[in-house]
1. Which residues, counting only those in region 180-210, are without any contact (Cβ under 8 Å) to a residue 40 or more places away in the chain, within 16 Å of the ligand (Cβ to nearest atom) and either open to solvent by less than 20 Å² (accessible area, probe 1.4 Å) or in a strand (DSSP E or B) (or both)?
2. Could you tell me which of the residues 174, 101, 150 is out of contact with any helix residue (DSSP H, G or I) (no Cβ under 8 Å at 6 or more places or on another chain) and open to solvent by 10 Å² or more (accessible area, probe 1.4 Å)?
3. Would you please name the residue that is surrounded by the fewest Cβ atoms within 10 Å (Cβ to Cβ), looking only at residues in region 211-226 that are assigned to a helix (DSSP H, G or I) and near the ligand (Cβ under 8 Å from one of its atoms)?
4. Return the pair list, or none, for Cβ contacts closer than 7 Å from residues in region 161-176 that are within 15 Å of residue 221 (Cα to Cα) and in a strand (DSSP E or B) to residues that are open to solvent by 40 Å² or more (accessible area, probe 1.4 Å) and modelled with pLDDT of 95 or more, at least 6 apart or on different chains.
5. Let me spell it out: the conditions are (1) under 17 Å from the mean Cα position of the chain (by Cα); (2) within 14 Å of the ligand (Cβ to nearest atom), and residue 133 meets all of them except one. Which number is the exception?
6. Could you check residue 124 against (1) open to solvent by 10 Å² or more (accessible area, probe 1.4 Å); (2) within 17 Å of the chain's Cα centre (by Cα); (3) within 16 Å of the ligand (Cβ to nearest atom) and say which number it fails?
7. For region 24-110, which strands (runs of 3 or more DSSP E) that fit wholly inside it have 1 or more residues that are in contact with a strand residue (DSSP E or B) (Cβ under 8 Å, 6 or more places away or on another chain) and more than 24 Å from residue 150 (Cα to Cα)?
Amino acid sequence: MSDNTTINNNLISIVQRISDACQRVGRSRDEVTLICVSKMNPAEAVIEANDCGADTFGENKVQELTDKMQQVGRDLNWHLIGHLQTNKVKYVVGKVAMIHSVDSLRVAQAISREALKAGVTANILIEVNIALEESKFGVTPNECETLIRSISSLPNLKICGLMTVAPDTSDPESNRPYFRRMKELSVDIASQNIDNVSMNVLSMGMSGDFEVAVEEGATHVRIGTGIFGRRNYTI
Ligand SMILES: *Cc1c(COP(=O)(O)O)cnc(C)c1O
């Protein structure tokens, strides 16, 4: 587990690298939001990162997210970045700033229903399986527009953009074409001016490839290991 100094140093370094990537392509640093992915790290790590200035956190499991929110007990921006089952929707609507992982009409309908009940608007992203990987969630790029059109009429729900988890690779450059295709898809959908749909958010890039993602237009990068250190999957 990382100590306080490590988290602080990691944050400084990641923010600098985001900033450098922005500069390389003429983007402004404030176009990119850093989501600190705290999954499998304790509430104390979130508190430490928050003390170092981070205020936006991501979790991939509903139970872990709601437990940690309560343990941390601070007013932070929480993002659900992992797959969401319909029966868990009620635990996150009204609690998170954004749900990144909508890939079916069914789950969108459940989110809409809960948001209506709670009297809130739920901000969602459509997850795209950009590399058509067998193991990944998300719609194919071809299915994306149709799903967005069918979701866009649901009440108390706002489609804010797209999200992808690019292939796991040791060569970040190999993901550049996927990030570029995500940006193109996002621009293409934005140009259709669908009611209730904006494409302001492009959530892509993780510890291994976020600089390339930023160069290709990411507005939100999701970084776990790069901030909190390697996760221990054996506990
Ligand atoms: C775990 C996770 C991340 C962060 O991964 P790192 O490689 O540790 O930066 C980003 N996005 C999703 C959806 C994740 O589940």
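The values are calculated or read from the model by the stated rules, or taken from the named source; none is laboratory data. What you see is a predicted model, and the numbers here were worked out from it, not measured in a lab. Cβ coordinates were reconstructed from backbone atoms using ideal geometry, including for glycine residues, and neighbour counts include every protein chain displayed. For accessibility, only protein heavy atoms count, side chains too; no ligands or nucleic acids. Shrake-Rupley method; radii C 1.70, N 1.55, O 1.52, S 1.80 Å.
1. If the condition is that a residue be without any contact (Cβ under 8 Å) to a residue 40 or more places away in the chain, within 16 Å of the ligand (Cβ to nearest atom) and either open to solvent by less than 20 Å² (accessible area, probe 1.4 Å) or in a strand (DSSP E or B) (or both), then 205 is the only one that fits.
2. Of the residues listed, the single one that is out of contact with any helix residue (DSSP H, G or I) (no Cβ under 8 Å at 6 or more places or on another chain) and open to solvent by 10 Å² or more (accessible area, probe 1.4 Å) is 174.
3. Looking at residues that are assigned to a helix (DSSP H, G or I) and near the ligand (Cβ under 8 Å from one of its atoms), I get 225.
4. 161/200
5. Only one criterion in (1) under 17 Å from the mean Cα position of the chain (by Cα); (2) within 14 Å of the ligand (Cβ to nearest atom) is unmet by residue 133, namely (1).
6. Of the numbered conditions (1) open to solvent by 10 Å² or more (accessible area, probe 1.4 Å); (2) within 17 Å of the chain's Cα centre (by Cα); (3) within 16 Å of the ligand (Cβ to nearest atom), the odd one out for residue 124 is (1).
7. Correct list: 33-37, 56-59, 77-80.
Residue by residue, here is whether (1) free of Cβ contacts under 8 Å to residues at least 12 places away in the same chain; (2) buried (at least 19 other Cβ atoms within 10 Å of the Cβ) holds:
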{"residue": "16", "(1), (2)": "yes, no"}
{"residue": "19", "(1), (2)": "yes, no"}
{"residue": "26", "(1), (2)": "yes, no"}
{"residue": "70", "(1), (2)": "yes, no"}
{"residue": "73", "(1), (2)": "yes, no"}
{"residue": "77", "(1), (2)": "no, no"}
{"residue": "86", "(1), (2)": "no, no"}
{"residue": "93", "(1), (2)": "no, yes"}
{"residue": "97", "(1), (2)": "no, no"}
